[in-house]
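Colleague: One structure follows; several queries about it will come next.
Here, each number is a calculation from the coordinates, and none is a lab measurement. The structure presented is a predicted model; accordingly, all values stated were derived computationally and were not measured. Using ideal geometry, Cβ is built from the backbone for each residue, glycine included, and neighbour counts are taken over all protein chains shown.
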Amino acid sequence: MANSHPLSDQALTDLRERYRTERDRRVRPDGARQYLGAAAEFGYYADDPYAGDTTEREPLRDRVDVAVVGGGFGGILAGARLRQQGVRRVRVVETGGDFGGTWYWNRYPGIHCDVESHVYLPLLEETGYIPEWKYAPGDEIRRHAVRIAEKFDLYADALFSTSVTSLTWDDASETWGVTTDRGDEFQATYVVTATGTLSELKLPGIPGIETFEGHTFHTSRWDYAYTGGTPDGGLSGLADKRVGVVGTGATGIQVVPKLAEDAQHLYVFQRTPSTVDVRANRRTTAQDVGAGRDGWARERRDNFLRIVSGETAGEDLVADQWTATAGLLEKLLPSFRRQGDRAGFEADYEVADAVKMNEIRARVGQIVTDPETAEKLKPWYRYACKRPTFSDHYLQAFNRDNVTLVDTADTHGIERMTERGVVVEGTEYELDCLVFATGFSVGLSGITSGRLPVRGRGGRQLQEARREQGPRTLHGFTGNGFPNLVQLGGVQSAASVNYTHVLDEHAVHAAALIAAAEAEGAVVEPSREAEDAWIAALSEGAADHEWFHAECTPGYYNAEGRGRPNGPTAYPHGAFAFHELLARWRAESLGEVLRPRTAGPS
């Protein structure tokens, strides 16, 4: 049968086989952990090098209206939206030394956002700020986080260099008791958790990691005292150093070119190559983004979300590689439902994916001059198996004489570390410094990991309840038995590549719930029936993604090859539709989760 696409049936068959082979090369057969947490003997990796003066203070014994756990963009936006609703005492508790979350911790050389800054940075019109670059550097993003916090007076009651250690609901007073690692014990009428999906750093699970006698650090705790320089580069301290970097995801893609410029020699230890597409970053003006009229930022942000959610948007305002490849990004089955022919759609999707990945691989060959290195840098998996990356400098770095790519796929990662360096396939690479660009445990926070116990009505522990019956929420925010607790960015909601947009919509929803409860003298708590109805809605038309991720090379999308099971874990129709659903529900049904204070359990 003749094909209407440029790939033959045999080419697709060969590609499937190559993808399986490359996946199997990277799955660890021994079941050993691919990554370690920064705890116990590795806890020093998580120390804060940026906090400055952390002088002891007297513990707090007071009461606030809302305690917000986490000072990243989720917590900042929750605070800002609560202020807009007239809530007075909002206390943000943040482990870092200032606002910013991921952007507080990540200050490594070369750091930029991979989503256009004019849609990524929230509250632009409210703060009167217009980003300077199409893709903002990390410091610009961090300064904008501070700008929002200052505008909405979030510093007034904030606690920095402080971690919440427990949240306990008191039935008698109908308030939350909050304790911290600085001895604080205060009450809050409401709690908003915004602990994020990128908050707990991870280290590579390399045997002998503790024996290495050289210098090591994680990219989220960059040691400029050792390297010299700034996020813009100029790492003069590495001029006589043999440097290794572990990790070739979004962080590695950005940091490798800067290390290559300044290290005596750089070894890049790669398990799986990333897809590296064109970045084309440039300075921008207000005229470039239509910033001279009211509503420009929301229009642009909504336009981007529509496109990457598979919705019809008309004009593409952002016009970058995210929107150009939106059909491949995360909305396979919503598109299938519109077309009705699953087998036909999967076949079309496979072809479109193959064409895009062939373009990505061809770009590697066009840029990297050494054929052997180029082959190792070519990604052999489907586009949606990993978060794509974008750079106009990463691949070019491998044309430098002082850069060596060390592929570790055949040993499923680095074999071991010694006092002097790293061993791969029996060869020891002697190093002075090893940088861990291994990112964060995605989706793992203090609550989901169990390190922050949450006890609701009658002492019921949230983590225990989830172990017994799975997640139970209404819209991903609130749960029966845990009154006045609102969780941002959790399961049973919807995510997208522009996560700050998602967080802002979540913050708007959280603030509306709390404002309504205050106005009615009520407690926020859904019924069991409301939870059941939401779980049923999630299950109806839930994406069948298990088969797709089972075929992917290991990564955080598929839990390092262990799989991503189906189930009612996310809204199946995408983030744009989810936000519309929330707005309708707030207008029509919000009162269903409110009950009078001092009443018994629902």
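Colleague: Where does the charge balance sit around Glu592 when Lys and Arg score +1, Asp and Glu -1, over other residues with C-beta under 14 Å from its C-beta?
Modeller: That works out to -2.
Colleague: When the scattering of the chain is computed by the Debye formula from its Cα atoms alone, each counted once and equally, what is log10 I(q)/I(0) at q = 0.06, 0.10, 0.12 Å⁻¹?
Modeller: Relative scattering, expressed as log10 I(q)/I(0), comes to -0.32, -0.93, -1.35.
Colleague: What's the tally of Lys pairs in the chain whose alpha-carbon atoms lie under 30 angstrom apart, where the two lysines are 8 or more places apart or on different chains?
Modeller: So the count of such lysine pairs works out to 29.
Colleague: Rounded to the nearest 500, what is the chain's calculated 222 nm mean residue ellipticity when only DSSP H runs of at least 4 contribute -39500 (n - 2.57) each, over all residues?
Modeller: -9500 deg cm²/dmol
Colleague: If you take the square roots of the eigenvalues of the alpha-carbon gyration tensor of segment 202-284 and sort them as a ≥ b ≥ c, do you get rounded (a/c under 1.5), prolate (a/b over b/c) or oblate?
Modeller: Cα axes put segment 202-284 in the oblate bin.
Colleague: I would also like to ask the following. Rounded to whole Hz and in sequence order, give me ³J(HN,Hα) for segment 410-415 from the Karplus expression 6.51 cos²θ - 1.76 cosθ + 1.60, θ = phi - 60°, writing x for Gly and Pro.
Modeller: 5, 10, 6, x, 4, 5
Colleague: Excluding Asp223 itself, what net charge comes from residues whose Cβ is under 15 Å from its Cβ, given Lys and Arg +1 and Asp and Glu -1?
Modeller: Summing Lys/Arg as +1 and Asp/Glu as -1 gives 0.
Colleague: Shifting gears a bit: Return the long-range amide H neighbours of Ser166 (sequence gap of 5 or more, or a different chain), with a cut-off of under 5 Å between placed amide H atoms.
Modeller: The answer is Thr179.
Colleague: If you don't mind, another one. Nearest 5 is fine: what % of DSSP beta bridges in the chain come out antiparallel, could you say?
Modeller: 45
Colleague: How far is it, in nm, from the label point at Ala583 to the one at Asp181 when both lie 7 Å from their Cα along the line to the Cβ?
Modeller: Using points 7 Å along Cα→Cβ, the separation is 4.1 nm.
Colleague: By average Cβ neighbour count within 10 Å, what is the ranking of 245-251, 57-63, 494-500 from highest down?
Modeller: Per-residue mean Cβ counts within 10 Å order the peptides as 245-251, 494-500, 57-63.
Colleague: Starting from the amide H of Gln461, placed 1.01 Å from N in the peptide plane, find each other amide H under 5 Å away whose residue is 5 or more places distant or on another chain.
Modeller: Gly456
Colleague: Given H placed on each backbone N at 1.01 Å, which residues far from Leu434 in sequence or on other chains put an amide H within less than 5 Å of it?
Modeller: Amide H neighbours of Leu434: His215, Thr216, Phe217, Gly244.
Colleague: Do you know the relative contact order of segment 50-162, to the nearest whole percent, from alpha carbon pairs under 8 angstrom that are 6+ apart?
Modeller: After rounding, I find 34 percent.
Colleague: Could you run the Karplus curve 6.51 cos²θ - 1.76 cosθ + 1.60 with θ = phi - 60° over segment 577-592 and give me ³J(HN,Hα) per residue in whole Hz, x for Gly and Pro?
Modeller: Working through the residues one at a time gives 5, 5, 5, 5, 4, 4, 5, 5, 5, 4, 6, 10, 9, 4, x, 5 Hz.
Colleague: A further question follows. How far is it, in nm, from the label point at Asp240 to the one at Thr598 when both lie 7 Å from their Cα along the line to the Cβ?
Modeller: In this crude label model, Asp240 to Thr598 measures out at 7.6 nm.
Colleague: Using only the alpha carbons of segment 390-545, what is the convex hull's orientation-averaged projected area in square nanometres?
Modeller: 15.3
Colleague: Restricting to Cα pairs below 8 Å that are 6+ residues apart, what does the relative contact order work out to for the chain? Please round to a whole percent.
Modeller: 20
Colleague: By average Cβ neighbour count within 10 Å, what is the ranking of 147-159, 79-91 from highest down?
Modeller: Ranked by mean Cβ neighbours within 10 Å, highest first: 79-91, 147-159.
Colleague: Now, a different point. Suppose every Lys and Arg Cβ carries +1 and every Asp and Glu Cβ carries -1, with no other charges. What dipole size does the chain come out with about its Cα centre, to the nearest 20 debye?
Modeller: 620
Colleague: Applying the Karplus parametrisation 6.51 cos²θ - 1.76 cosθ + 1.60 with θ = phi - 60° to the phi angles of segment 112-119, what ³J(HN,Hα) value in whole Hz is obtained for each residue in order, glycine and proline being reported as x?
Modeller: 3J(HN,Hα) across segment 112-119, in whole Hz: 9, 7, 9, 10, 3, 5, 6, 10.
Colleague: Listed highest first by mean packing, meaning other Cβ atoms within 10 Å per residue, what order do 312-318, 220-226 come in?
Modeller: The most tightly packed comes first, giving 220-226, 312-318.
Colleague: Next up: At a 4.7 angstrom Cβ threshold, list every cysteine in the chain that has nobody to pair with, or say none.
Modeller: Unpaired cysteines in the chain: Cys113, Cys433.
Colleague: With each label point set 7 Å from Cα along the Cα-Cβ vector, what nm distance links Glu430 and Arg57?
Modeller: In this crude spin-label approximation the distance works out to 5.0 nm.
Colleague: Which FRET efficiency, nearest 0.05, do Arg18 and Thr127 yield, Cβ-Cβ r, R0 41 Å?
Modeller: 0.25
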